[in-house]
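In what follows, a single structure is set out as structure tokens and then discussed.
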Amino acid sequence: MRIFDPHIHMTSRTTDDYEAMYAAGVRALVEPAFWLGQPRTSPASFFDYFDSLLGWEPFRAAQHGIAHHCTIALNPKEANDPRCTPVLDALPRYLVKDSVVAVGEIGYDSMTPAEDTALAAQLQLASDHGLPALVHTPHRDKAAGLKRTLDVLRESDLPPDRVVLDHLNETTVGDATDSGCWLGFSIYPDTKMDPERMVRILRVHGTERVLVNSAADWGRSDPLKTLHVGEAMIAAGFSDDDVDQVLWRNPVAFYGQSGRLSLDIADPGALHEGNSILRGGE
């Protein structure tokens, strides 16, 4: 099967992960800007990170035959730190880059007024730049968080069909479906969703507008969870076409709305900023 992981944080992963993902069928991915675990204390640290998502990670992915795109944003957690909020003013210079296919991750963490402001501002930036938005629904108080998210979305200029609501589960999928937004599900070893729960949701809600991702990062996560969902779908009686729709055609359709999605693997060249990425190679 061919796989497009629409939400994975390869900054946190190793070259072994890239190799395993390629062997599993992953040929494209989107890496959203997110919280790195260690809090950042100045806008400049964001800018170095954004530059790596635009340069170093696409170079690294191309070495392993995978097309890399990213989304750029001030993430919800760090939107609460006044030292970081000047990042909002600098986002336009990143949102015009060719490999940026959405604004994200944006949304809620603790549902604070500062997060309200950052979400509304970045939805407007998405509209202004003709980009879709990747919206992070909170891991706590999910139903209340989704309701608050949808309230802000309704007040924005961004149509719902240009928004994916991520980290959904059984308690939020109904309202998210009714909103007209795309539906994102993160599959984890212990938390969030697992392949069997994902299959049950697909049986009830179908395969339209559904994006399945690994959201793999520096925590306990697995970059092959997309493959495991495909395998669970086949075991449950879904067709190969159903699997292809969920794991490939849907993410292509959603991020294709940016007009910037390219699934061709360009020759990355021998070096990126003087680094050949060949340490440990034969």
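The values are calculated or read from the model by the stated rules, or taken from the named source; none is laboratory data. Quick caveat, the model's predicted, so the values are computed rather than measured. Here Cβ is always computed from backbone atoms with ideal geometry, including for glycine, and neighbour counts include all displayed protein chains.
Observations, loosely collected:
- Selection within the range 124-183 - surrounded by fewer than 24 Cβ atoms within 10 Å (Cβ to Cβ) and in contact with a Cys (Cβ under 7 Å, 6 or more places away or on another chain): PRO160
- Members of the range 210-243 that are at positive phi and surrounded by 20 or more Cβ atoms within 10 Å (Cβ to Cβ): ALA215
- Any hit, the range 68-88, residues being of a type outside the set (A, V, I, L, M, F, W, C), free of Cβ contacts under 8 Å to residues at least 40 places away in the same chain and either buried (at least 24 other Cβ atoms within 10 Å of the Cβ) or in a loop (DSSP other than H, G, I, E, B) (or both): yes
- Candidates are the residues of the range 208-240 that are among the small types (Gly, Ala, Ser) and in contact with a Lys or Arg (Cβ under 8 Å, 6 or more places away or on another chain); the one that is modelled with the lowest pLDDT is ALA216.
Residues are listed down the side, and each one gets a yes or a no for (1) modelled with pLDDT under 65; (2) within 29 Å of VAL103 (Cα to Cα); (3) part of a loop (DSSP other than H, G, I, E, B); (4) hydrophobic (A, V, I, L, M, F, W, C):
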| position | (1), (2), (3), (4) |
| --- | --- |
| ASP242 | no, yes, no, no |
| VAL246 | no, yes, no, yes |
| ARG249 | no, yes, no, no |
| VAL252 | no, yes, no, yes |
| LEU263 | no, yes, yes, yes |
| GLU282 | yes, no, yes, no |
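- In the range 20-64, the residue that is modelled with the highest pLDDT out of those that are crowded, with 21+ Cβ neighbours inside 10 Å and among the acidic types (Asp, Glu) is GLU31.
- The set of residues in the range 111-142 that are touching a strand residue (DSSP E or B) at 6+ places or on another chain (Cβ under 7 Å), over 19 Å from LEU183 (Cα atoms) and without any contact (Cβ under 8 Å) to a residue 40 or more places away in the chain contains only LEU125.
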